[in-house]
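To keep things clear, I will list the structure first and then write my remarks on it.
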Amino acid sequence: MGIVNVTPDSFSDGGRFLATDDAVAHGHALLAQGADLLDIGGESTRPGATRPLVADELARVVPVIETLAQEGATLSIDTMRPEVAEAALKAGAMIINDVSGGLANPKILKVAADHGATYVVMHWRAHGAEMQHEDHLVYADGVVATVKQELEQRIEAARSAGILDDNIVIDPGLGFSKTADDNWRLLAGVEEFHKLGFPLLIGASRKAFLGRLLAAPDGTPRPVTERESAHDAITVFLAQRGVWATRVHDVRAAKDALAASAKLKTIGARETIR
């Protein structure tokens, strides 16, 4: 899943693709690199982010979706707002990627149900301005077990709204009300989420926990655009564990890593040495 941030303030590339033409061109580039689908978003959900007006979010994403959909791209709308989801689906999107799992505005669940859209249920506790507050970082039963339990609650809410099981995808929400170690525990325990019985989407690309892992000796986190190698290792790890999709900024690097991994898996046993 290639990321197209049509925003002025996203943590990795805010402002680079805010203009419609630039966002569409970026979408073309990601597809050329091998993206299977594109996730179009008009609101940054990074820690500390403030929300745009609904009208601004609509103005950012709808023209991009219309253009790319007309060209045959498979598109996801990254939004928590039912009005934006509705407009995006009418413009040609097929997936709603709701980072709030319906908590920000439950009406989005009905939009997904009415359109028969694929709905990504992500684990979430609060908006960007509050999500890293200490009270949102408590996982009484451990982060894997607690996130799994809270995802089950959101899955039931989606079902109650009329979303079919075949249209549900789940996401443990790396970086959303999580510490760095929480993110690593969720990745290491990813197979637990398969037990819920739904396709799994993971978004680790360029996130802060990678910057901390790769920090300089003085503790300075690795810059956002220099975390790709670590992320590619995660992508291979997740693919080997049956994850449906990974949400990535650098599609070419991820595809290269997966190609090498697949080749090693299929080449067969090494020749006998005599």
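Yes or no: residue 241 more than 18 Å from the chain's Cα centre (by Cα) and not aliphatic (A, V, I, L, M)?
It is false that residue 241 is more than 18 Å from the chain's Cα centre (by Cα) and not aliphatic (A, V, I, L, M).
Mind checking which residues of region 208-225 are in contact (Cβ under 8 Å) with a residue 12 or more places away in the chain and either surrounded by 21 or more Cβ atoms within 10 Å (Cβ to Cβ) or out of contact with any Leu (no Cβ under 7 Å at 6 or more places or on another chain) (or both)? Spell out the reasoning first.
Looking only at region 208-225, we keep the residues that are in contact (Cβ under 8 Å) with a residue 12 or more places away in the chain, and these are 208-214, 221-225.
Correct list: 208, 209, 210, 211, 212, 213, 214, 221, 223, 224, 225.
Of the residues that make up region 12-19, is at least one touching a helix residue (DSSP H, G or I) at 6+ places or on another chain (Cβ under 9 Å), buried (at least 22 other Cβ atoms within 10 Å of the Cβ) and at negative phi? Steps first, please.
To start, the set of residues in region 12-19 that are touching a helix residue (DSSP H, G or I) at 6+ places or on another chain (Cβ under 9 Å) comprises 12-13, 16-18.
Those still in the list that are buried (at least 22 other Cβ atoms within 10 Å of the Cβ) too: 17.
Okay, now just the ones that are also at negative phi, so 17.
Yes, there is a match, as at least one residue in region 12-19 is touching a helix residue (DSSP H, G or I) at 6+ places or on another chain (Cβ under 9 Å), buried (at least 22 other Cβ atoms within 10 Å of the Cβ) and at negative phi.
Output yes when any residue across region 166-177 is exposed (fewer than 13 other Cβ atoms within 10 Å of the Cβ) and without any contact (Cβ under 8 Å) to a residue 24 or more places away in the chain, and no when none is. Even if it seems obvious, please write down each step before you answer.
Our first condition is that a residue be exposed (fewer than 13 other Cβ atoms within 10 Å of the Cβ); within region 166-177, this holds for 166.
Filter once more, so that each one left must be without any contact (Cβ under 8 Å) to a residue 24 or more places away in the chain: 166.
Looking for residues that are exposed (fewer than 13 other Cβ atoms within 10 Å of the Cβ) and without any contact (Cβ under 8 Å) to a residue 24 or more places away in the chain, one finds at least one in region 166-177, hence yes.
Among the candidates 133, 127, 123, single out the residue that is surrounded by 15 or more Cβ atoms within 10 Å (Cβ to Cβ) and at pLDDT below 95.
Values: 133 fails: surrounded by 15 or more Cβ atoms within 10 Å (Cβ to Cβ); 123 fails: at pLDDT below 95.
Checking each option against the conditions leaves just 127.
Would you say residue 142 is buried (at least 20 other Cβ atoms within 10 Å of the Cβ) and either under 16 Å from the mean Cα position of the chain (by Cα) or not aliphatic (A, V, I, L, M) (or both)? It would help to see each step written out before you state the result.
Working: buried (at least 20 other Cβ atoms within 10 Å of the Cβ): no; either under 16 Å from the mean Cα position of the chain (by Cα) or not aliphatic (A, V, I, L, M) (or both): yes.
So residue 142 does not fit the description; no.
Report whether or not residue 262 is free of Cβ contacts under 8 Å to residues at least 12 places away in the same chain, in a helix (DSSP H, G or I) and not β-branched (Val, Ile, Thr).
Yes.
Any idea which residue in region 156-175 is farthest from residue 94 (Cα to Cα), counting only those that are under 17 Å from the mean Cα position of the chain (by Cα) and modelled with pLDDT of 95 or more? Before you say what the answer is, go through the steps one by one.
Taking region 156-175 as the starting set, the residues that turn out to be under 17 Å from the mean Cα position of the chain (by Cα) are 167-175.
Adding the requirement that they be modelled with pLDDT of 95 or more leaves 167-174.
Numbers: 167: 10, 168: 12, 169: 13, 170: 16, 171: 17, 172: 21, 173: 21, 174: 23 Å.
My answer is 174.
Could you tell me whether region 111-123 includes any residue that is touching a residue at least 24 places away in the same chain (Cβ under 8 Å), out of contact with any Pro (no Cβ under 7 Å at 6 or more places or on another chain), part of a strand (DSSP E or B) and farther than 23 Å from residue 46 by Cβ?
Looking only at region 111-123, we keep the residues that are touching a residue at least 24 places away in the same chain (Cβ under 8 Å), and these are 111-123.
Okay, now just the ones that are also out of contact with any Pro (no Cβ under 7 Å at 6 or more places or on another chain), so 112-122.
Those still in the list that are part of a strand (DSSP E or B) too: 118-122.
Filter once more, keeping what is farther than 23 Å from residue 46 by Cβ: 118.
Checked region 111-123: at least one residue is touching a residue at least 24 places away in the same chain (Cβ under 8 Å), out of contact with any Pro (no Cβ under 7 Å at 6 or more places or on another chain), part of a strand (DSSP E or B) and farther than 23 Å from residue 46 by Cβ.
Could you check residue 228 against (1) under 22 Å from residue 148 (Cβ atoms); (2) surrounded by 18 or more Cβ atoms within 10 Å (Cβ to Cβ) and say which number it fails?
(1)
The values are calculated or read from the model by the stated rules, or taken from the named source; none is laboratory data. As the structure is a prediction and not an experimental result, all values here were calculated from the model. Note: ideal-geometry Cβ built from the backbone for every residue, glycine included; neighbour counts use all protein chains shown.
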